[in-house]
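What follows is a short report on a single structure.
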Amino acid sequence: MALRTIRTLGDEILKKDCRDVAEMKPRLHQLVDDMLETMYEAQGVGLAAPQVGVLRKIVVIDVSEEGDSPLVLINPELLEVSGEQKGQEACLSVPNKAGVVTRANYAKVRAFNEDMEEMVIEGEGLLARALQHEIDHLSGVLYVDKVEGDLMDTTEEDIQERPKRRRKRR
Ligand code: NI
């Protein structure tokens, strides 16, 4: 596994559409491993392939406090959303910032796992938010496009206060 460079706001690749994955080739498995490593290292709860410069529909998410529940979603697609939640959101591609975004409180997603087996994932609250945020990345949409009001600065201290999470080794 290796850390990949996270592209940041202003990088044109973040605005592009991603292509479907037809087959999980070895280099895409490697990409998934690297994305997980990169997400955990950066203390993030989600990362989409375009954030590391790859225009493929691949997302990793882990909203657990322990960092031991990685979700790998290939070609994810929102099937259903309902309810509403308004809360702070941040993105590894927009370092040291946060902003308020209204999202659906429930999301149902169809995706494939790394073995290209179809699955359906349902989430509420933070997981629903992460699913919507990461799926947006696959069509070039960032949370800053949806933020209500101004972006706020977050300090290094805010980040240090988060519980340290284990890095998943596979
Ligand atoms: Ni993001």
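The values are calculated or read from the model by the stated rules, or taken from the named source; none is laboratory data. As the structure is a prediction and not an experimental result, all values here were calculated from the model. Quick reminder, even Gly has a Cβ in these numbers, built from the backbone with ideal geometry, and neighbours come from all protein chains shown.
Of the residues in segment 12-22, at least one is farther than 23 Å from Y143 by Cα, out of contact with any Pro (no Cβ under 6 Å at 6 or more places or on another chain) and among the small types (G, A, S). The C-beta contact set for segment 38-62 (first residue more than 16 Å from A90 (Cα to Cα) and away from the ligand (no atom under 11 Å from the Cβ), second residue modelled with pLDDT of 95 or more and of a type in the set (S, T, Y), distance under 7 angstrom, 6+ apart or interchain) comprises V52/T5; V52/T38. Candidates are the residues of segment 25-52 that are small (G, A, S) and in a loop (DSSP other than H, G, I, E, B); the one that is surrounded by the most Cβ atoms within 10 Å (Cβ to Cβ) is G44.
Can you spot a residue in segment 100-120 that is within 14 Å of E134 (Cα to Cα), within 16 Å of the ligand (Cβ to nearest atom), surrounded by fewer than 22 Cβ atoms within 10 Å (Cβ to Cβ) and without any contact (Cβ under 8 Å) to a residue 40 or more places away in the chain? No, that holds for no residue. Is segment 67-77 home to any residue that is assigned to a loop (DSSP other than H, G, I, E, B) and loosely packed, with under 14 Cβ neighbours inside 10 Å? Scanning segment 67-77, I find at least one residue that is assigned to a loop (DSSP other than H, G, I, E, B) and loosely packed, with under 14 Cβ neighbours inside 10 Å, so the answer is yes.
Of all residues assigned to segment 3-16, none qualifies as being in contact (Cβ under 8 Å) with a residue 60 or more places away in the chain, under 26 Å from E124 (Cβ atoms), surrounded by 18 or more Cβ atoms within 10 Å (Cβ to Cβ) and within 16 Å of the ligand (Cβ to nearest atom). Only a single criterion out of (1) closer than 24 Å to E23 by Cα; (2) in a strand (DSSP E or B); (3) under 13 Å from the mean Cα position of the chain (by Cα) is not satisfied by L131, namely (2).
Pairs meeting the criteria (first residue in segment 127-155 and at negative phi and away from the ligand (no atom under 12 Å from the Cβ), second residue at pLDDT 95 or above and among the charged types (D, E, K, R), beta carbons under 7 Å, at least 6 apart or on different chains) are A128/R103; S139/D17; L151/K97; M152/K97; D153/K97; T154/K97.
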